[in-house]
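Every read-out reported here was derived from the displayed coordinates using simple, explicitly stated rules and does not represent laboratory data. Not measured: the values here are computed from a predicted model. Virtual Cβ from ideal backbone geometry, glycine too; neighbours counted across all protein chains shown.
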């Protein structure tokens, strides 16, 4: 079976996912993508460019798989002579309806941020199958869609929500976790607990609360170090600049590393993963850190409860900022972190070697209909 993946924002986790599926699937998979820059323009114009490229190609896939960054309805309309009878699916890494926008974004300030959510809406309408990377993601999208459509003056088409729900399905993110194994570093060196930030340096990851908690812990004279990894797409947010000055020598790594091997080694070396995000539809960076033995401290919301067995929620999930700080205080002071002992096996199910059959079977069933 031939599967065509359409990804107008081919970078980061989107790129790793597409190439990971291509590498592990039993099927023949082609990726038609554009560089991962200018995400708003990709959502507007990417479909036109990819449709032009597709129409110039002579090959015909058995299935077209788009991601949430594509205006799928525009792509299919521009390629209708070649794609009208081909089964289609769309995979949602994130969505622009329940994703928290930064208050400082120009589109938010000028009240022109709604169209990106409408692109997601029409993409779910035209696709034969709608896939979300977590149950939380699917539920939050459908809830936000109802609120979104109710903003309009008439012909709100609220019945479409049930249509989308009926063809919606959860398919967890496939990840290449096994690649971390060769970079595991065993050390007996006595050192302060190492805290980890391995997310994007952006508003939705809530660096403000993260660093505020660490400032409190530092003022209590607790002994800890910090490794700050992750992508910074433009200028450094003010929270990171101030944290670098305030925490000083406690920060033993600051900034994205160039090679995966270095990233993996930092994860294996780290002890505690404090998370304060205000949005995470799946939690790929969290899964990576847990796999490498970090003890997670996660908010009891978003997709995180779905990553942790319910019997362990009390140990790894917190409810508010005050509990977060006190949980971190105890872990650092008593060195009671042990996430490696019971959670690594839990997240192994997301490795491509474990999940690939489910991916292939879902798309085989769609084509067979």
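Some values worked out for this structure:
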read-out: Sites residue 252 and residue 40 - FRET efficiency at Förster radius 45 Å, r taken between beta-carbons, to 0.05; value: 0.80
read-out: Additional length obtainable on full extension of the chain from residue 341 to residue 165, 0.36 nm per residue less Cα span; value: 59.6 nm
read-out: Inter-label distance, nm, simple model (7 Å from Cα along the C-beta direction), residue 354/residue 278; value: 3.2 nm
read-out: Global geometry of segment 1-99, whether rounded, prolate or oblate, following the gyration tensor of its Cα atoms and the 1.5 cut on a/c; value: oblate
read-out: Length-normalised contact order for segment 196-239 - Cα pairs under 8 Å, 6+ apart - percent; value: 68 percent
read-out: Helix-only [θ]222 nm of the chain, DSSP H runs n ≥ 4, -39500 (n - 2.57) each, per residue, nearest 500; value: -13000 deg cm²/dmol
read-out: Within a Gaussian network of the chain (alpha carbon springs, distance under 10 Å), most fluctuating of 296, 61, 237; value: 237
read-out: Per-pair calculated FRET efficiency, R0 = 41 Å: residue 56 and residue 118 via Cβ, rounded to 0.05; value: 0.90
read-out: Whole-Å distance, taken between Cα centres, linking segment 241-295 and segment 165-181; value: 21 Å
read-out: Global geometry of segment 169-251, whether rounded, prolate or oblate, following the gyration tensor of its Cα atoms and the 1.5 cut on a/c; value: oblate
read-out: 13 Å cut-off, amide nitrogen to a point 7 angstrom out along residue 179 Cα→Cβ, residues in segment 236-280; value: 259-265
read-out: Sequence of 315, 238, 358, 369 once ranked by neighbouring C-beta atoms within 10 Å, starting from the fewest; value: 369, 238, 358, 315
read-out: Simple label model, 7 Å out from Cα along Cβ direction - residue 301 to residue 236, nm; value: 2.9 nm
